[in-house]
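Presented below is the structure to which this report refers.
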Amino acid sequence: MPTVRDVRERAGEEPITMLTAYDAPTAEIVDDAGVDIILVGDSVGNVVLGHETTVPVTVDGIAHHVGAVSRATDDALVVADMPFLSFGVDESESIENAGRMLKEEGAQAVKLESGPHTVDLTEKMVQLGIPVMAHLGLTPQHVNQYGGYPRQGTDQAAAERMLELAIEHEEAGAFSLVLEHVPSNVAAEITEALDIPTIGIGAGPNCDGQVLVFDDAVGISEWTPSFSEQFGNVRAEMESAVDDYVDAVESGAFPAAEHSHEESDLEDLY
């Protein structure tokens with residue numbers, strides 16, 4: 001299993017792979033494929049739970065999924081995504097919520113959607129032994145502030161502020177940084193400026209690693225963002241299997257003799 005130190009030392013070296021997972025079977029698949037990091041994302045809210053955004057996800061909810069993923073993972077580093085308002089309001093509560101993911105649910109690190117308010121918190125968590133992955137650019141928990149999911153860092157001032165925050169979080173002890181939906185040249189400059197690795201999603205090819213939502217990557221999602229890529233068509237396979245099941249039950253082909261057991265020693269019950 002890679003440690004946070006291992007990940008930190010991968011900056012500028014072999015590309016880092018990261019995928020989300022929200023349950024044990026998915027975690028097993030991702031882990032067996034040799035993915036470096038599994039992110040138990042708050043994207044579970046809209047990917048799995050049917051919410052329109054990630055905002056409704058709770059601490060108890062994310063903990064439930066972190067535990068399931070951790071129990072099924074042998075090799076990948078498991079990172080728990082801290083949900084909306086679980087951090088940054090009260091320091092002691094933030095630390096308790098993050099610490100729970102390591103102490104009770106088996107994660108090895110947490111991810112914070114970052115900003116000026118998380119610099120000191122990152123430093124405090126790291127001091128207490130909670131490794132922190134920072135996250136800049138598009139931070140989906142701010143959807144109500146953004147009015148959607150627009151690309152970030154598209155003007156000079158915003159790009160410079162993003163770089164400043166990246167450096168501040170590195171200095172605070174973050175072991176890596178997710179850059180989401182930012183211009184590729186901005187991501188490249190931030191990557192060049194940091195000693196910790198950047199992991200991009202919609203941030204171009206020059207980050208130290210890449211992350212995608214599992215359902216997008218394997219082709220379960222009905223819609224995927226423009227910066228994503230479907231590497232399979234699992235949705236079509238699932239639809240085909242369900243159609244075949246319905247047909248088999250309705251036609252009487254399932255269950256067949258091999259799917260049942262008859263106890264010959266029983267007498268008639270009526």
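The values are calculated or read from the model by the stated rules, or taken from the named source; none is laboratory data. This structure is a prediction, so every number in the text was calculated from the model and none was measured. Counting neighbours? That spans all protein chains shown, and the Cβs are built from the backbone with ideal geometry, glycine included. Calculation scope for accessible area: heavy atoms of the full protein, side chains included, ligands and nucleic acids excluded. Shrake-Rupley method; radii C 1.70, N 1.55, O 1.52, S 1.80 Å.
Modelling each spin label as a point 7 Å along the Cα-to-Cβ direction, I'd like the Asn233/Thr154 distance in nm, to one decimal.
Going by the 7 Å Cα→Cβ label model, 3.3 nm.
Pairing the Cα long axis of helix 59-72 with the longest principal axis of the chain, what angle in degrees results, from 0 to 90 and rounded to the nearest 10?
Taking Cα atoms only, the helix is inclined about 70 degrees.
If you count, for each residue, the other Cβ atoms within 10 Å and average over each peptide, how do 45-54, 133-142 line up from highest to lowest?
133-142, 45-54
Once label points are set 7 Å from the Cα along Cα→Cβ at both Arg161 and Glu28, what is their separation, rounded to one decimal in nm?
With each label point 7 Å from Cα toward Cβ, the separation is 4.7 nm.
Tally up the carbon and sulfur contribution to the accessible surface of segment 106-214 as a whole percent, 1.4 Å probe, everything protein left in place.
Carbon-and-sulfur percentage of accessible area, whole number: 47.
With each label point set 7 Å from Cα along the Cα-Cβ vector, what nm distance links Asp244 and Ala256?
About 1.2 nm separates the two model spin labels.
From the square roots a ≥ b ≥ c of the eigenvalues of the alpha-carbon gyration tensor of segment 173-270, which class results: rounded (a/c under 1.5), prolate (a/b over b/c), or oblate?
Taking the square roots of the gyration eigenvalues as a ≥ b ≥ c, segment 173-270 is prolate.
Pairs of Cα atoms under 8 Å, at least six residues apart: use those to get the relative contact order of segment 61-139, whole percent.
Relative contact order here is 30 percent.
In segment 79-182, what GluC sites (Glu not before Pro) fall in a loop by DSSP, with at most 14 other Cβ atoms inside 10 Å?
Glu104
Return the label of the correct value of Rg and Dmax of the Cα atoms in Å, as calculated from the structure shown, out of (i) 22.7, 73; (ii) 21.6, 84; (iii) 17.1, 48.
Label (ii) holds the value from this structure.
Using a Gaussian network model of the chain whose springs link C-alpha atoms within less than 10 Å, name the residue from Ala241, Ala257, Ala21 with the highest mean-square fluctuation.
Ala257
With springs connecting C-alpha atoms under 10 Å apart, model the chain as a Gaussian network and identify which of Ser260, Ser94, Ser240 has the largest mean-square fluctuation.
Comparing Ser260, Ser94, Ser240 in the GNM, the peak value goes to Ser260.
Ordering Lys111, Lys103, Lys124 by accessible area with a probe of 1.4 Å, largest first, what comes out?
These residues rank, largest area first, as Lys103, Lys124, Lys111.
Taking the chain as the reference, fit the longest principal axis to its C-alpha atoms, fit the long axis of helix 156-172 to the helix C-alpha atoms, and give the angle between the two in degrees, 0 to 90, nearest 10.
80 degrees
Suppose accessible area is computed on protein heavy atoms with a 1.4 Å probe; arrange Ile220, Ile38 from highest to lowest.
Ranking Ile220, Ile38 by accessible area, largest first, yields Ile220, Ile38.
Rank these residues by their accessible area, most exposed first, probe 1.4 Å: Asp216, Asp243.
So the residues, ranked largest to smallest area, are Asp243, Asp216.
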